[in-house]
Amino acid sequence: MPSVTDRYDPLDAQVLNDPYPVLAELRASEPVFWHQGMASWALTRYADCVRVLRDHDTFARDPRRTGGTVPEPSLSVQTLDPPQQSRIRSLFMAALRAQDLDGIEARARRLVRARLDALVGAGPFDMVSEIAVPLSVAVVADLLGVEPPPYTEFAAVSDAIMRSMDGGLDPSLVEPGRIARQRLSDLVDSWFTAAPRPGLLAQVRAAEPGVDALARLYVKNTARVMFQGGYSTMAAAVGNAVAVLLARPQALEEMRDPALLATGVDELVRFDGPVQGTTRVTVRSCRIGGVEIGPGQKVVPLFAAANRDPDAFHGADALVLDRSPNRHLGYGWSPHSCIGTTVAQAGLRALVTVLAEHPARLVAAGEGLRRRTATMRAFATLPALLLL
């Protein structure tokens, strides 16, 4: 009988479908374990994950701090650790706070409503391609103030980039991801040469004369990461949330109550979140959960496990729509969390609002198919039907 650590293969079909039972076993029996496939120490307890994410001195996001390298196209705000990242992150966060997020959410509601209206009576449809992809592309483009790229084309580019994040488990994914990343970089370059349009990118560009050439490189790459990461995270969150609501139609009915909408949307992300984990490199020797971890070794906080830790969340395996506080790790944590978390939540809130108010009832039309990706938990297809 293989041990529970041997049975944890993030790309195994059973784990992709439902990772939570094996993660619960690991959290109880071996909360800090060595994973050969990831060549990393994996962490399953909430407290251990948060410790690693908070302690930038001991656990580096930037591999150059331990002698590693970062290719130039990958240099972005997400590469840097505090305090080095502060200047670029502050630039983007200030521009984000200046945006009309209420207006973006209102336009997202109109988009969802129009697409649902068109799908009523049309038979089964794929929730991912018909709702999650166009909603996510449109919302992130609206935030940045750029023309949305063709949905299907961009979804393929994003998928290749997302899959390449699992290159340690499957090296064949690395080169397609590099090519896709270059295609997206070319698109971002065109945004910086075109006439500015109202949005976050215009404000960031206005600050460009005050930064040096290296900082401008980080700005462009961060814009690319924000577009692709915001899109892929939102699309995954939408698919996961809809799957949960299809299995629990009463929850959608309850979220007609505005008081439950905000906390309920946040709980959907905790319950089955998009981002499954992240990687840090240990700068110096330390102990986590009684395990000695040497300098230069990688650690992977498993957000999916942390978000179901009963020591951090009462009734962790239950969907509790009024859960508060809810300090989950569904979008990461603090300086390295997804920059577009706020707008991702606005897009998800817009979707749930329209689904709850729409006269047609959303029901499942078959089994969904999970993407074979470990870092991001997402659906490839999710068949549904709208019934009047």
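Coordinate-derived values only; no laboratory data. Predicted model only: the values in this text are computed from it and were never measured. Cβ atoms come from the backbone with ideal geometry, glycine included; neighbour counts cover every protein chain shown.
Dipole magnitude for the chain: about 760 debye, using +1 per Lys or Arg Cβ and -1 per Asp or Glu Cβ, origin at the Cα centre.
Taking other residues whose beta carbon is less than 13 angstrom from the beta carbon of G315, and scoring Lys, Arg as +1 and Asp, Glu as -1, yields -2.
Here A380 and R287 are evaluated by their C-beta separation; at R0 = 51 Å the FRET efficiency comes out at 0.80.
The calculated FRET efficiency for the pair A94 and R64, based on their C-beta separation and a Förster distance of 25 Å, comes to about 0.40. Here segment 45-114 is treated with +1 on each Lys and Arg Cβ and -1 on each Asp and Glu Cβ, and its dipole about the Cα centre works out to around 260 debye. Sorted fewest first by neighbouring Cβ atoms within 10 angstrom, C286, C49 come out as C286, C49. Temperature 37 °C, viscosity 0.692 mPa s: under these conditions the Stokes-Einstein estimate for segment 160-297, based on its Kirkwood radius over C-alpha pairs, is 174 µm² per second.
Computed over the alpha-carbon atoms, segment 4-387 gives an Rg to Rh ratio of 0.95, Rh here being the Kirkwood radius from the mean inverse distance. Full extension of the chain segment joining A213 with Q36 gains 59.7 nm, where the gain is 0.36 nm per residue of separation less the Cα-Cα distance. Comparing S337, S232, S76 in a Gaussian network model of the chain (Cα springs below 10 Å), the most mobile by mean-square fluctuation is S337.
Going from the residue with the fewest nearby Cβ atoms within 10 Å to the one with the most, R224, R284 rank R284, R224. Placing unit charges on the Cβ atoms of the charged side chains and taking the dipole of segment 4-387 about its Cα centre, the candidate lying farthest along the positive direction among L387, A344, A356 is A344. For a label point 7 angstrom out from the Cα of R197 toward its Cβ, which stretches of segment 149-177 have the backbone nitrogen within less than 20 Å? Those under the cut-off are 149-158.
Just checking the listed ones, F192, F33, F303: in the Gaussian network model of the chain with Cα springs under 10 Å, the one fluctuating most is F192. Legend: calculated FRET efficiency, E147 to R87, from the Cβ-Cβ distance at R0 = 22 Å, rounded to 0.05, equals 0.15.
For the pair S337 and R256, the difference between a 0.36 nm per residue extended length and the Cα-Cα distance amounts to 26.3 nm.
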